[in-house]
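Asks: Attaching a single structure in structure tokens format; questions to follow.
The values are calculated or read from the model by the stated rules, or taken from the named source; none is laboratory data. Please read all numbers here as calculations on a predicted model, not as lab measurements. No Cβ is skipped: glycine too gets one built from the backbone with ideal geometry, and neighbour counts run over all protein chains shown.
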Amino acid sequence: MATLQQLSTRHVLGIKYLTEADINLIFETAEEFKEVINRPIKKVPSLRDITVANLFFENSTRTRISFELAEKRLSADVVNFSASSSSVKKGETLLDTVNNILSMKVDMVVMRHPAPGAHHFLSRHIDANIINAGDGTHEHPTQALLDSFSMREQIGDLRGKNIAIIGDILHSRVALSNIFCLTKLGANVRVCGPPTLIPKYIKELGVEVSYDIRDTLHWCDVANILRIQLERQDLRYIPSLREYAQYFGVSRELLDELDKPIVIMHPGPINRGVEITSEVADSEHSIILQQVENGVAVRMAVLYLLAAMR
């Protein structure tokens, strides 16, 4: 696969640092790779001479598997690193850990880290291309890219479309990256959830705020529903999960009230019966499994385009 276009940056640290042209180039490339992963032989030799290290300092299932599959589909050599079984437990610094890995001639680093800004720090100190697979509650750029790519497949050009992000906005790196991505693509974005789970600064990012789930579902073309992230909550932001489900959970009854079909999305993992019922998650409105498939194609595109800049 050959392209004369390049990304404007040699790292993917966040959607905030990508241009609209970058995003569209990634989407165009992902469309080609989606054809590849649906062939009987799903591998291409695009990254045959590239070594990629997956550094996960936080637990992950979907993102880690998706990146590893994308790398192997591109024929890259893959090194997996888990902080729980590493020298980090003995007090080794992030920079020392990464430099030790890079001394083994690693070309690209895919990293998830609990500290916001960890990827920016690394980008100033090492030569490898860096892809942010999540940094604290800051950003998760490839999730936003695959979400927007999936929306575009369903409803076409996102310019002027109404996209709702519902749930725990305060603790979600997915929400922030989605807001950056969707607004760059010209969509109208509204966040909805309990007042305690919506940051006070959020309107400064050019989005609407609503505390009414029914009104929001009537307004939107797509509802991207987020998980309540109890593991990130030091304080109790909602009285109970049961009460959250009663006032902000998306149920089949709510969808049946609408005068138009809407697209239902969820980045996972799903708390069934809390933010979304099984009836909705498994319904004809849901594209949750398509998001997973598109995640591999989008991450293949990001890896391919960054490798082309080496």
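Asks: Just checking: which of the strands (runs of 3 or more DSSP E) contained wholly in segment 85-181 hold 3 or more residues that are touching a Leu at 6+ places or on another chain (Cβ under 8 Å) and more than 24 Å from THR216 (Cβ to Cβ)?
Replies: Details: elements: 108-113, 129-135, 162-166.
It comes to 108-113, 129-135.
Asks: Report the residue count in segment 163-199 for those that are of a type outside the set (Gly, Ala, Ser) and under 25 Å from LEU25 (Cα atoms).
Replies: 15
Asks: Here's a follow-up. So LEU146 passes all but one of these: (1) over 19 Å from the mean Cα position of the chain (by Cα); (2) assigned by TED's automatic domain parsing to the domain that holds GLN229. Which condition number does it fail?
Replies: In the conditions (1) over 19 Å from the mean Cα position of the chain (by Cα); (2) assigned by TED's automatic domain parsing to the domain that holds GLN229, LEU146 misses (1) alone.
Asks: Which of (1) farther than 28 Å from ASN24 by Cα; (2) among the acidic types (Asp, Glu); (3) without any contact (Cβ under 8 Å) to a residue 12 or more places away in the chain is the odd one out, the single condition GLU204 does not satisfy?
Replies: (1)
Asks: Now, a different point. GLN233 - would you say it is exposed (fewer than 14 other Cβ atoms within 10 Å of the Cβ), polar (S, T, N, Q), modelled with pLDDT under 95 and in the same structural domain as ILE166 (by TED's automatic domain parsing)? Spell out the reasoning first.
Replies: On the way: exposed (fewer than 14 other Cβ atoms within 10 Å of the Cβ): no; polar (S, T, N, Q): yes; modelled with pLDDT under 95: yes; in the same structural domain as ILE166 (by TED's automatic domain parsing): yes.
No; evaluated as a whole, the condition is false for this residue.
Asks: Find all pairs meeting these conditions: Cβ atoms under 6 angstrom apart; at least six residues apart or on different chains; first residue within segment 9-21 and surrounded by fewer than 21 Cβ atoms within 10 Å (Cβ to Cβ); second residue part of a loop (DSSP other than H, G, I, E, B) and not hydroxyl-bearing (Ser, Thr, Tyr).
Replies: ARG10/MET309
Asks: Also, I was wondering about something else. Which residues, counting only those in segment 252-279, are surrounded by fewer than 16 Cβ atoms within 10 Å (Cβ to Cβ) and more than 30 Å from ARG64 (Cβ to Cβ)?
Replies: Listed by number, the residues that qualify are ARG252, GLU253, ASP256, GLU257, LEU258, ASP259, LYS260, PRO261.
Asks: Just checking, does segment 188-202 include any residue being assigned by TED's automatic domain parsing to the domain that holds PHE149, at negative phi, over 17 Å from the mean Cα position of the chain (by Cα) and charged (D, E, K, R)?
Replies: Checked against the condition, which is being assigned by TED's automatic domain parsing to the domain that holds PHE149, at negative phi, over 17 Å from the mean Cα position of the chain (by Cα) and charged (D, E, K, R), segment 188-202 yields at least one hit.
Asks: Could you tell me which residue of segment 63-84 is nearest to MET300 (Cα to Cα), considering only residues that are part of a helix (DSSP H, G or I) and modelled with pLDDT under 90? I'd like the intermediate steps shown before the answer.
Replies: Step one: filter segment 63-84 for residues part of a helix (DSSP H, G or I), giving 63-73, 83-84.
From the residues that got through so far, the ones that are modelled with pLDDT under 90 too are 83-84.
Working: ALA83: 24, SER84: 27 Å.
This residue is ALA83.
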